[in-house]
Amino acid sequence: MFGLGILSSQAHELSVEQDTIPYDDQMMELMEVVVKGYFPNTRLKGNAIVTRIEGTPLASTGTVGEMLIKVPGMTGSEDAPEVLGKGAPLIYINGRLMRDDSELKRLRSEDIRDVEVINNPGAQYDATVRAVVRIRTKKQQGEGLGVDLTLTSEQDLRYGFNRPSGKLGMNYRINNVDMFGSVYYFHQDYRQYSDLEEITKTTKIFRQNGPYTMTWKNDQLTYTAGVNWQISDNHSVGLRADLTHYLGGTNMVIYDEDVFENVTLIDHLYSEQTSKESKPLGWLTNTYYSGTVGKLGIDFNFDFMKSEINTDRENIEKSLVEDDYVLSKSGSNSHLYATKLVLSYPVWKGKIEGGTEMTFAKRHNTYWIDKASIANTDADITENNIAAFAELSQSFERYGQASVGLRYEHTLYDYDDQTNNDFLHRNMDEFFPTAAYSVMIGNVNAGLSYSIKTNRPTFFAMNDAVTYISRYSMQAGNSQLLNERLRDLTLNVSWRWLAFTATYERCKNAITQWSFISDDDAALIKHINLDKPINTYSFYISATPRVGVWSLNATAGVDKQDFFLDIEGPDGMRRNYYNKPVFTLNAFNTFSFKHNWRFDINFMFRSRGHMQNFYCDCDNIKLGFVVQKSFLKDNALTLKASVLDVLQRNHFNEFADMGYYQIQQNNRYSTHKFQISLNYRFNTTRSKYKGTGAGKDAQQRMKN
């Protein structure tokens, strides 16, 4: 509660609701305002959890990626934040869809006002979207030129390599025109070290085990430019272009394993696969109009996306039985056109929103290998999606707020592989209802929401091409995959600095991977739909207390699925249960001292447990320390040093039992690092770009 001390000709009693101080029409000379008391960092707004960033320790976290994983209701990594129990969300920044993941590193937490986590989105969003994160920046004032420079260096403390990055951004605003641009350089050097064991049980038992190493190296430049014109208070238009310049990359995969038949060593296989990738300049453009005509609100977006990737692979196999040398090539070329129109109009004590979204995507996949036993592929994939939606929301004052919505999607899918005479035509019409209700009871906010969602397989997962891994194992997609169907019921409750979320989800036709054994006892790993539904229950509680120099952002929770499969193996049919829960505990401690010094202790824990038909048999622990200090006027210069994954326990071990085939993969990641960064900001101003994007689901799946 706020306490206000006011010196004026007449005292006035003020009330406070969220960020606004209402006042009466009488003129008042305000000489001094003293604010005392507690304002919660996290509150419930409808079916969304809103966390205030401005004025809290989260504001000086660093990049937006580093900040998001500390927001209540979220977890993951700074490169790939997730909403607890929901997975990767769509992220909007000032109403604009974030299309490039590197923005998580390019944007700074100092610019953010608040973050809104929607863990059960309504009918306006694509039916594949399980969670949405909306980020609002501070409404900074001023015109002229602003400059933002960030330099970062990550030194791996275990394997010795370095990963530098840098970003230079500029913004120029005059009158009602806002022009902005940036260039971002990133050197990717990522390593994964694994131990792999595969057991194939047919008339004999084949076992392969040994180290498995993957390395990704590439250099990339991202250019962004755009302009926004605020024609009047009710009308604005803009254009934004993101260009990705890929400077070349090399991926390497190495197997070094023994092969046993029953208990006899029959082979030692050393396989070294080198992939060289090339990508022509990638384009993503967005044009938008946002405005109102009378009481009618209009939001229109048009997107164009073009991407291409070509890969040459060389696979050298050395074996006690027979050496082999395999060449393969693959390529993909993708185009996307998308448009989205949202109209809103006030109705009684609420509003109605309606509109349409249309996405037209086309992809051409090729795969060639100089091995006669594996077929080549030359396939065209076309997916067109036309959607219409409507949502009505109403306020019943002290009795709460309610909304109902309906989304209709028509999807046309064509797969044409003339090389293998493989054709698929799929025409689907689906309806997705949503409903939500929220109410405030005393100091407690509560919201309940229900939705039906879907999950469509990526274009990669639907590619029937067989990818050669070794003479003992291969991988392929499945053009016959069905869409997943999900029912979601979510409860959100908040009180002061505590927030609680409970979710029940039922998934039919879940997409996973399964093994099929060929006549020569090689394993083919293929995407499939599970024939039994997965029921998942999740419960999370978040706390954001602050005492003196110490503040805490903590989350604890559990995910438990109720699921079993009847599996056929060499000993007949058996039933496997996949119901061991996964526990999560995140605790981000911040100590803010005088003279702009700050010290962080970040702890993240995730326990062993089941995820679909896979079992993680180890606990994942990440502990990090951060120290930073700001200098110059308005803290324009910030230096930060971090030691990440101090305990070197960022492991992820996976086990899968597929009847005739079992696989155990123990993974270690290159995350034990020393990171140092410098950020300098000069007269930075906020971009007023209001484009929200269209065809977001297809854009994401075209990247895979």
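Across segment 521-548, the qualifying residues are those that are more than 25 Å from the chain's Cα centre (by Cα) and not in a strand (DSSP E or B), and the one among them that is surrounded by the fewest Cβ atoms within 10 Å (Cβ to Cβ) is G548.
Tell me whether segment 178-189 contains one or more residues that are closer than 29 Å to H268 by Cβ and assigned to a strand (DSSP E or B).
Checking segment 178-189: not a single residue is closer than 29 Å to H268 by Cβ and assigned to a strand (DSSP E or B).
Quick check, is S592 among the small types (G, A, S) and in contact with a helix residue (DSSP H, G or I) (Cβ under 8 Å, 6 or more places away or on another chain)? The answer is yes for S592.
Which of the residues spanning segment 84-118 are assigned to a strand (DSSP E or B), in contact with a Gly (Cβ under 6 Å, 6 or more places away or on another chain) and either of a type in the set (A, V, I, L, M, F, W, C) or surrounded by fewer than 19 Cβ atoms within 10 Å (Cβ to Cβ) (or both)? Reasoning before the result, please.
Quick first cut of segment 84-118, residues assigned to a strand (DSSP E or B) only: 87, 90-93, 96-97, 108, 112-118.
After this cut, where a residue has to be in contact with a Gly (Cβ under 6 Å, 6 or more places away or on another chain) as well, the list is 96-97, 117.
Across segment 84-118, the qualifying residues are L97, V117.
Looking for whichever is in contact with a strand residue (DSSP E or B) (Cβ under 7 Å, 6 or more places away or on another chain), at pLDDT below 95, farther than 28 Å from F161 by Cα and surrounded by 15 or more Cβ atoms within 10 Å (Cβ to Cβ) here; the options are N596, N667, N650, N613. Which one fits? Criteria check complete, one pass: N613.
Against the condition without any contact (Cβ under 8 Å) to a residue 12 or more places away in the chain and either touching a Pro at 6+ places or on another chain (Cβ under 6 Å) or not in a strand (DSSP E or B) (or both), how does D464 come out, does it pass?
no
Would you check if Y325 is assigned to a strand (DSSP E or B) and loosely packed, with under 14 Cβ neighbours inside 10 Å? So Y325 fits the description; yes. Within segment 467-501, restricting attention to residues that are part of a strand (DSSP E or B) and hydroxyl-bearing (S, T, Y), the residue that is nearest to V50 (Cα to Cα) is S494. Residue-level check: of (1) touching a helix residue (DSSP H, G or I) at 6+ places or on another chain (Cβ under 9 Å); (2) over 23 Å from Q220 (Cβ atoms), L84 misses just (1). Return the total of residues in segment 131-160 being modelled with pLDDT of 90 or more and assigned to a loop (DSSP other than H, G, I, E, B). Total satisfying the criteria: 2. The set of residues in segment 379-394 being surrounded by 16 or more Cβ atoms within 10 Å (Cβ to Cβ), of a type in the set (D, E) and more than 25 Å from the chain's Cα centre (by Cα) consists of E391 alone.
Using the structure shown, decide if S236 is in contact with a Phe, Trp or Tyr (Cβ under 7 Å, 6 or more places away or on another chain) and either closer than 22 Å to T287 by Cβ or surrounded by fewer than 16 Cβ atoms within 10 Å (Cβ to Cβ) (or both). Spelling it out, S236 is indeed in contact with a Phe, Trp or Tyr (Cβ under 7 Å, 6 or more places away or on another chain) and either closer than 22 Å to T287 by Cβ or surrounded by fewer than 16 Cβ atoms within 10 Å (Cβ to Cβ) (or both).
Output the residues belonging to segment 60-83 that are assigned to a loop (DSSP other than H, G, I, E, B) and in contact (Cβ under 8 Å) with a residue 40 or more places away in the chain.
T61, G62, I69, K70, V71, P72, G73 - these are the residues of segment 60-83 that are assigned to a loop (DSSP other than H, G, I, E, B) and in contact (Cβ under 8 Å) with a residue 40 or more places away in the chain.
S518 falls short on exactly one of the conditions (1) under 30 Å from I567 (Cα atoms); (2) among the small types (G, A, S); (3) crowded, with 19+ Cβ neighbours inside 10 Å, and that condition is (3).
For segment 672-700, a residue qualifies if it is of a type in the set (S, T, N, Q) and modelled with pLDDT of 90 or more, and the qualifying residues are Q675, S677, N679. Selection within segment 132-171: residues that are polar (S, T, N, Q) and under 26 Å from the mean Cα position of the chain (by Cα). The member of this set that is farthest from L639 (Cα to Cα) is T137.
In segment 549-573, the qualifying residues are those that are of a type outside the set (A, V, I, L, M), surrounded by fewer than 15 Cβ atoms within 10 Å (Cβ to Cβ) and in contact with a strand residue (DSSP E or B) (Cβ under 6 Å, 6 or more places away or on another chain), and the one that is farthest from W514 (Cα to Cα) is W550.
Among the residues of segment 593-615, is there at least one that is touching a residue at least 40 places away in the same chain (Cβ under 8 Å), part of a loop (DSSP other than H, G, I, E, B) and under 30 Å from V547 (Cα atoms)? The answer is yes, given that some residue of segment 593-615 is touching a residue at least 40 places away in the same chain (Cβ under 8 Å), part of a loop (DSSP other than H, G, I, E, B) and under 30 Å from V547 (Cα atoms).
Taking the conditions (1) more than 30 Å from A388 (Cα to Cα); (2) of a type outside the set (A, V, I, L, M); (3) surrounded by 19 or more Cβ atoms within 10 Å (Cβ to Cβ); (4) in contact with an Asp or Glu (Cβ under 6 Å, 6 or more places away or on another chain) in turn, P280 satisfies each one other than (3). Against the conditions (1) out of contact with any Asp or Glu (no Cβ under 8 Å at 6 or more places or on another chain); (2) closer than 30 Å to Y399 by Cβ, Q480 satisfies every one except (2).
L392 - would you say it is under 29 Å from A88 (Cα atoms), out of contact with any Ser or Thr (no Cβ under 6 Å at 6 or more places or on another chain) and at pLDDT 95 or above? When the stated conditions are applied, L392 passes them.
Every residue, every condition in (1) closer than 24 Å to T671 by Cα; (2) surrounded by 19 or more Cβ atoms within 10 Å (Cβ to Cβ), yes or no:
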{"residue": "D178", "(1), (2)": "no, yes"}
{"residue": "Q192", "(1), (2)": "yes, no"}
{"residue": "D195", "(1), (2)": "yes, no"}
{"residue": "L243", "(1), (2)": "no, no"}
{"residue": "D258", "(1), (2)": "no, no"}
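What are the residue pairs meeting all of these: first residue in segment 481-495, first residue within 20 Å of R426 (Cα to Cα), second residue part of a loop (DSSP other than H, G, I, E, B) and among the small types (G, A, S), Cβ atoms under 8 Å, and 6 or more apart or on different chains? Pairs found: L481/A461; E484/A510. Of all residues in segment 657-669, those that are over 16 Å from D619 (Cβ atoms) have Cβ atoms under 7 Å from Cβ atoms of residues that are among the charged types (D, E, K, R) and part of a strand (DSSP E or B), 6 or more apart or on another chain, in G659/E568; Y660/K201; I663/E198; Q664/E197; Q665/E654.
E397: buried (at least 16 other Cβ atoms within 10 Å of the Cβ) and either touching a Lys or Arg at 6+ places or on another chain (Cβ under 7 Å) or among the acidic types (D, E) (or both), yes or no? Judged against the criteria, E397 is not a match. Figure legend. Inter-residue proximity from segment 210-237: first residues modelled with pLDDT under 90, second residues of a type in the set (G, A, S) and assigned to a strand (DSSP E or B), beta-carbon distance below 6 Å, spacing 6+ or different chains. Indicated pairs: Y212/S194; N228/G238; Q230/S236. Of the residues S319, S344, S290, the single one that is among the polar types (S, T, N, Q) and modelled with pLDDT under 90 is S319. Among the residues of segment 410-460, just one is in contact with a Pro (Cβ under 9 Å, 6 or more places away or on another chain) and either surrounded by fewer than 14 Cβ atoms within 10 Å (Cβ to Cβ) or basic (K, R) (or both), namely K453.
The values are calculated or read from the model by the stated rules, or taken from the named source; none is laboratory data. Since this is a predicted model, take the numbers as computed values, not measurements. As a convention, Cβ positions derive from the backbone with ideal geometry for all residues, glycine included, and neighbour counts pool all protein chains shown.
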